[in-house]
2 protein chains.
Amino acid sequence: MAFKTPITVAYGDGIGPEIMQATLNILEAANALIAPEIIEVGEKVYLQGNTTGIPDKAWESIKRTKVLLKGPITTPQGGGYKSLNVTMRKTLGLFANVRPCTSYAPYVPTNFPNIDLIIVRENEEDTYSGIEHRGTDEVYQCLKLITRPGCERIVQYAFEYARKFNRKKVTCLSKDNIMKMTDGLFHRVFNEIAKQYPEIQTEHLIVDIGTALIASNPERFDVIVTLNLYGDIISDVDAQVAGSVGLAGSANIGNQVAMFEAIHGSAPDIAGKNMANPSGLLNGAVQMLVHINQPETASLIENAWLKTIEDGIHTGDIYSSKHSKKKVGTQEFAAAVIERLGQQPTHFKAADYKPGAYAKIECYGDLPKTKSKKELVGVDVFIDNPLDIAADELAAKIANIGVPMELVVITSRGLKIWPDSSIEAPYLRHCCCRFQSSKDVKQLKPINHADIVHLLTQFNELGIDTIKTENLYTFDGELGFTLAQGQ
Amino acid sequence: MAFKTPITVAYGDGIGPEIMQATLNILEAANALIAPEIIEVGEKVYLQGNTTGIPDKAWESIKRTKVLLKGPITTPQGGGYKSLNVTMRKTLGLFANVRPCTSYAPYVPTNFPNIDLIIVRENEEDTYSGIEHRGTDEVYQCLKLITRPGCERIVQYAFEYARKFNRKKVTCLSKDNIMKMTDGLFHRVFNEIAKQYPEIQTEHLIVDIGTALIASNPERFDVIVTLNLYGDIISDVDAQVAGSVGLAGSANIGNQVAMFEAIHGSAPDIAGKNMANPSGLLNGAVQMLVHINQPETASLIENAWLKTIEDGIHTGDIYSSKHSKKKVGTQEFAAAVIERLGQQPTHFKAADYKPGAYAKIECYGDLPKTKSKKELVGVDVFIDNPLDIAADELAAKIANIGVPMELVVITSRGLKIWPDSSIEAPYLRHCCCRFQSSKDVKQLKPINHADIVHLLTQFNELGIDTIKTENLYTFDGELGFTLAQGQ
């Protein structure tokens, strides 16, 4: 008897159970070599008082099988319940969200009949880390964190994917004309890693233009790699213009564990009615079969599914009098796919995943590391200034407290308000006082952490509420901070 | 003789001079009551060594007239030249970017012939403030700052605009399911201010879904208000799906000064060839006339322009054999508009700006303020951990240095790595050590700034490189910080 790969299965909430059953029926009929272990996660677990929605036993299974096929989850509103997807992504290090987006015209209406693109979205960093602070009555802040290994890993994944799946081009989207350091890093890493894949075309677009092109000309794209937030937005744009929100699957890939699902939600309004379309989850399961190195079974199922769509056997969500022949329920749709196992599509291009070629891709971001010389050269001290003390007056108070540093600039929301400011009505409640070891950024000398402690003590003695600090460093002499607008 | 409103005019770079001349010719022929003062900004000024691209004399004119009509600018690459648009926006407090987006089908091809929406984009805050720091060899950070007055101002502007221009609905886009504090503030302020405009429908969409709907169903929107980054992306999506990138104007509005321009760039490749379409700048000028309370002239020009488009008199960028009658150059197009002054469009809806109703909108975000009770209750100390010291070991070292605070959690990229972490291979180089006055967030007691200084001193003595701090506050007892994933 052939070895069956253990996989963990979570039925999920809402329509989850019925589309999962339909999907598992198809997998079984196709002789997929899998041994499902069922776990319970989601709504029931939340309502038992577990705010993460996932019990320890479920973790144990996932960590052992390293593969999860998951139905959609309902996160209850209020009560501090945490998104299970976010928790899993972070806990399991699922750094890559991989979203194929394909047109199925004319059966699924779209203005773009030839979309065939893959979005590779960074999944762990960006403003999505949930690090937020309120510094004053009025000012809130969210940290956007971007790490070099995080960039390396996701970019490398995109190129490896392109190579293994015979894709021709990888497009990088970022906003480094504005965010020169964070998005700039992503873009630089893209350029560095691209060199290792000379056979693959590369392109970089600023994200606003890139998103506009995904909306207006999605057929020009092949593989897209981008940061978390942009990836979130373009995934939705893309699924919407292709009309495939109800049909697309998605993979969340880590070096150890991978999770596969539909891109749609749990649709509680139609749950239990045998109405839901299982195609999204089924397409996620096809990605899973490729991942666990059962490419022939993946092709078998995908082709039977394409043939079913071509034959006009449609669930209500995509039924139209023009292109459908028969409106069916969830179970009947699955039966129609099973009936067609072994058939090839004639309108759509048949899937043909090559044996052995597409198994798990592990990416560790292994560019050679050079440790740079890091020197502390100053500090940004952010203050709450509730009485709106004017910048000149503030500067007079603190001008001499930073020795051996000098106060070089005071800014508000990144904009210089001292010295020589031309701003007429600056926002004063939240100010950043920048102290450097020299006014001239070309003459910076190292200082000590103790100098910063001393400076903060002086602020305290003046009764000024320092709300946060950001140390200023150079790395091999290069500035590790942006200059203020006007500095 | 009627009083002429002084306005400042910058011809700009590339195609700027010719489209500005065409625009001014039309304004003059329409008897717009304006007295232009010409300033020089942009490429020439940059190349004379002024990195801001704008000399003092130009500032003087803008601050006096308070109205700027600006051609597109070329920012030279490299050499630290700063975007003139960003500088102006920030220096002049132009907090609202107002972008009408309209279909001109069939003359301009689009899948959506009935788009008629206005994007009101916050212009000063978000990750666009340019506050970036590199804390370790590998980790870069950008600050997303959102202020309550900033939110109030832009939301109020959107509603005032809707009221004055007889719009029916305002849609708010944010991502507060992820960024609960920053984007959450924007959403809350939207809800608060909406109450003052009971006659206007409101709607809130998560930005990814909202952007997808702008791409796939833009005709459903009326006025959209959103944060800076999202506004940047959706403006491009929207102009692209309407096909109006070459035709749309844009206003940047502050309480004192306003700036009007085309949304396209300086197109140096076709500069000086009498080929450019002046429509974008002309539509910006129409917004300007409304702003300076010359609504009849605005209607006169807009209608002549619509008639010209309808009559098939087109520059090369929108010329098609099907819908155009005559291909013309920049000057001839302007002449055709002038010829039609006084005519009404028949295919398009005629403009009819009401006298007096649409003058300058000033917004100060004047919701009643209640000063909350702010208490310091802890601090997040971010450290560089280049030797990858394990979280347990790190915790053992620093567990007792924070008195009267306790170490409650260590996180990496927002994810708990101590205590009781289930992460298998956490990222250790950049850690956040959270100290609170009590482990239980319901039992937090006030501490002093001196306690934080003391803690930092202890870190220094242990030889740990603290790279930044974020104080933890409560406001009227409510937490001013998010809990870590897993805390």
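Nothing in this text is a laboratory measurement; each read-out follows from the coordinates by a stated rule. The structure presented is a predicted model; accordingly, all values stated were derived computationally and were not measured. Positions of Cβ are backbone-derived with ideal geometry, glycine not excepted, and every protein chain shown enters the neighbour counts.
Below, the figures for the structure above:
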| item | result |
| --- | --- |
| Pairwise Cα inverse-distance average, inverted: Kirkwood Rh of the protein assembly as shown (Å) | 30.0 |
| Charge dipole (debye, nearest 20) of chain B; +1 at Cβ of Lys and Arg, -1 at Cβ of Asp and Glu | 1240 |
| Per-copy distances of the A:Glu219 label point, shortest first, in nm (7 angstrom along Cα→Cβ) | 2.2 |
| Estimated [θ] at 222 nm from DSSP helical runs (n ≥ 4, -39500 (n - 2.57)) normalised by residues in chain B, nearest 500 | -9500 deg cm²/dmol |
| On Cα atoms only, tilt of B:16-29 relative to the major axis of chain B in degrees | 50 |
| P(r), alpha carbons of the stretch A:250-308 - 10 Å bins starting at zero, rounded % | 21, 44, 28, 6 |
| Amide H partners (placed H, <5 Å) of B:Leu341, local residues excluded | none |
| Chain B, rotation onto A, residue closest to that axis via Cβ, with its distance in Å | B:Ala215, 2 |
| Cα centre as origin, Lys/Arg/Asp/Glu Cβ charges: the protein assembly as shown dipole, Debye | 1020 |
| Percent of alpha-carbon pairs separated by more than 20 Å within the stretch A:1-160 | 66 |
| Residue-by-residue Karplus 3J(HN,Hα) for the stretch A:190-200, coefficients 6.51, -1.76, 1.60, Hz, glycine and proline x | 4, 4, 5, 6, 3, 4, 7, 10, x, 7, 9 |
| Zero-based 20 Å bins, Cα pair distances in chain A, whole percents | 21, 45, 25, 8, 0 |
| Euclidean distance between Cα centres, the stretch B:278-311 to the stretch A:274-312, Å | 54 |
| Among B:Leu483, B:Thr466, B:Thr171 the positive-end extreme of the charge dipole of the protein assembly as shown (Cβ point charges) | B:Thr171 |
| Crossing angle, helix A:148-164 versus chain A [Cα axis fit, 0-90 degrees, rounded to tens] | 30 |
| Net charge of Cβ neighbours under 15 Å - reference A:Leu281; Lys, Arg +1; Asp, Glu -1 | -4 |
| Residues A:Ile338, B:Ile214, B:Ile313, B:Ile73 arranged by fewest to most Cβ contacts within 10 Å | A:Ile338, B:Ile313, B:Ile73, B:Ile214 |
| The stretch B:28-97: C-alpha pair distances exceeding 19 Å, % | 38 |
| Between 0 and 90°, nearest 10: helix B:330-339 axis offset from chain B longest Cα axis | 60 |
| Proxy reagent accessibility, fewest Cβ within 10 Å first, across A:Val377, B:Val403, B:Val67 | B:Val403, B:Val67, A:Val377 |
| Surrounding net charge for A:Lys373, when Lys and Arg each add one and Asp and Glu each subtract one, Cβ distance under 15 Å | -2 |
| The stretch A:204-239 versus the stretch A:37-115: alpha-carbon centroid distance in Å | 23 |
| Length-normalised contact order for chain B - Cα pairs under 8 Å, 6+ apart - percent | 15 |
| Furthest towards positive pole of dipole, A:Asn385, A:Ser412, A:Gly249, structure part chain A, Cβ charges | A:Gly249 |
| Cβ-based exposure ranking for B:Ile224, B:Ile34, in which fewest neighbours within 10 Å come first | B:Ile34, B:Ile224 |
| Rounded to 5, the percent of DSSP beta bridges in chain A classed as antiparallel | 60 |
| DSSP beta bridges in the protein assembly as shown [antiparallel fraction, %, rounded to 5] | 65 |
| Label 7 Å beyond Cα on the Cβ vector: B:Arg64 copy-to-copy distances, nm | 8.2 |
| Using a 7 Å Cα-to-Cβ projection, B:Asp392 label spacings across copies, nm, ascending | 6.1 |
| Long-range amide H partners of A:Leu472 with built H, under 5 Å | A:Val377, A:Gly378, A:Val379, A:Asp380 |
| Proximal charge balance of A:Ser103 [Cβ under 12 Å; K/R count +1, D/E count -1] | -2 |
| D (Stokes-Einstein, µm²/s), Kirkwood Cα radius, the stretch A:389-453, 1.002 mPa s at 20 °C | 171 |
| Only Lys, Arg (+1) and Asp, Glu (-1) charged, at Cβ; the stretch A:109-206 dipole about Cα centre in debye | 460 |
